[in-house]
1. Scan region 70-81 and tell me whether some residue there is within 16 Å of the ligand (Cβ to nearest atom), part of a helix (DSSP H, G or I), crowded, with 24+ Cβ neighbours inside 10 Å and at pLDDT 95 or above.
2. Might you check whether a residue that is aliphatic (A, V, I, L, M) and in a loop (DSSP other than H, G, I, E, B) occurs anywhere in region 57-65?
3. Does at least one position in region 102-119 carry a residue that is in contact with a Lys or Arg (Cβ under 9 Å, 6 or more places away or on another chain) and more than 16 Å from the ligand (Cβ to nearest atom)?
4. Looking at (1) away from the ligand (no atom under 11 Å from the Cβ); (2) of a type in the set (V, I, T); (3) over 27 Å from I137 (Cβ atoms), find the lone condition where I160 falls short.
5. Got a number for residues in region 269-298 being aliphatic (A, V, I, L, M), in contact (Cβ under 8 Å) with a residue 60 or more places away in the chain and in a strand (DSSP E or B)?
6. Go through (1) out of contact with any helix residue (DSSP H, G or I) (no Cβ under 7 Å at 6 or more places or on another chain); (2) in a loop (DSSP other than H, G, I, E, B); (3) not hydrophobic (A, V, I, L, M, F, W, C) and name the single condition H327 misses.
7. From I207, I200, I251, which residue is in a loop (DSSP other than H, G, I, E, B), under 17 Å from the mean Cα position of the chain (by Cα) and at negative phi?
8. Tell me, yes or no, whether region 88-109 has at least one residue that is closer than 25 Å to N345 by Cα and surrounded by fewer than 19 Cβ atoms within 10 Å (Cβ to Cβ).
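The values are calculated or read from the model by the stated rules, or taken from the named source; none is laboratory data. Because the structure is a prediction, the values reported are computed rather than measured. Cβ placement follows ideal geometry from the backbone for every residue including glycine, while neighbour counts extend to all protein chains displayed.
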Amino acid sequence: MKADTQLIDSGREEKWTQGGVNPVVQRASTMVFDSVSDMKHATANRAGDTLFYGRRGTTTTFALSKAMTELEGGAGCALYPCGTAAITSALLSFLKHGDHLLMVDTAYEPTRAFCDNMLKNLGISTTYYDPMIGKDIDSLIQPNTRMLFLESPGSNTMEIQDVPTLSKMAHQHDITVVLDNTWGSGLLFKPFDYGVDISIQAATKYIVGHSDAMLGTAVANEKHWPRLRENSYLLGQCAAPDDCYMALRGIRTLSVRMKQHQQSALTVAQWLKQHPIVKTVLHPAFEECPGHEFFKRDFSGSNGLFSFVVNCRDEAKITAMLDGLKHFKMGFSWGGFESLILPVNGLDRLRTAKPWTEEDRVIRVHIGLEDVDDLIEDLAQGLAMLS
Ligand SMILES: Cc1ncc(COP(=O)(O)O)c(C=O)c1O
């Protein structure tokens, strides 16, 4: 089955749709049984898609888990109330006191904060590594290293990692490989083809796709699925059926939305590239983006999120530019139908393996589904204020 057909078909088994097109929203805490033997059967099968108790899932969450597993290509998918919960649960499910974690330097800021605070307090140490380290990751592996965490592209600065090489090195030491695949969305990057053990998404972004629900997913391969599933359950992680329904609805249009995000973002990025105030465009599809060769090798396309560096350090001018935009609102998210813009702060503090030396301003944009001419016109009048 081709990818686009799979997006339409996935999670739509008759037992979940009950004759309708979409899976039914089953809201439930309590499942009731008529007999002791029914209850015993549910208990014995509670780790699968048998109704047992709301926290273990309802038919709606089973449908989404199945759809996400098909999209990313693993053995099973655990659901969480947000992407951050998926990340922290994966870390806690596979790390214990005394273990060592290798975390990419360009990780999403709260991921980093979780390592520096909660994991540290639990006696789990973290070493940050340069996203471009490749096979030299070997030199950072310690006898107690248990997990290698990747995020590709890197948050805000968009470095693409050599996932197969990193995975191969990690597996030589029996280290679990976890990837934040939110940008790749399971559509643009197939994590299990490149050696990843657990692929996480903030489904809040492109999967839901309409900026109206928070949701996290973690898809694991055969080896890691039972432990991820059981430990996430012990941590009390589950997702609301209504939000799962939103994600299921988002999945149907993921591919068409993504094509438009990609096309418009590339148009805007090309336009920015020739603008005199723009120093660099940090877009994985552009040669100057670190890891562009891995993007070309491993990804089937790009989306609406990228950054650019402006030749301007004047805060007042940048503030006036951002305040004056009409179609770009400021928001700490991306992946919805709308365009967003964000001044990136604190890179000097957030990069420790390879210090950030760029003094000019990094601006992150999410190119939405508006007409691209309107977006360029908006940016043109904004950037004019910087010169
Ligand atoms: C790359 C990445 N991972 C994880 C998250 C966290 O997702 P959530 O906001 O659903 O907790 C975000 C949110 O911005 C993100 O950008």
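1. Step one: list which residues in region 70-81 are within 16 Å of the ligand (Cβ to nearest atom), which gives 72, 77-81.
From what's left, part of a helix (DSSP H, G or I): 72.
Those left that are additionally crowded, with 24+ Cβ neighbours inside 10 Å: 72.
Right, trim to at pLDDT 95 or above and you get 72.
Yes, there is a match, as at least one residue in region 70-81 is within 16 Å of the ligand (Cβ to nearest atom), part of a helix (DSSP H, G or I), crowded, with 24+ Cβ neighbours inside 10 Å and at pLDDT 95 or above.
2. Within region 57-65, none of the residues are aliphatic (A, V, I, L, M) and in a loop (DSSP other than H, G, I, E, B).
3. no
4. With (1) away from the ligand (no atom under 11 Å from the Cβ); (2) of a type in the set (V, I, T); (3) over 27 Å from I137 (Cβ atoms) applied to I160, the lone miss is (3).
5. Residues meeting the conditions: 2.
6. Against the list (1) out of contact with any helix residue (DSSP H, G or I) (no Cβ under 7 Å at 6 or more places or on another chain); (2) in a loop (DSSP other than H, G, I, E, B); (3) not hydrophobic (A, V, I, L, M, F, W, C), H327 comes up short only on (1).
7. None of the other options fit; the residue is I207.
8. yes
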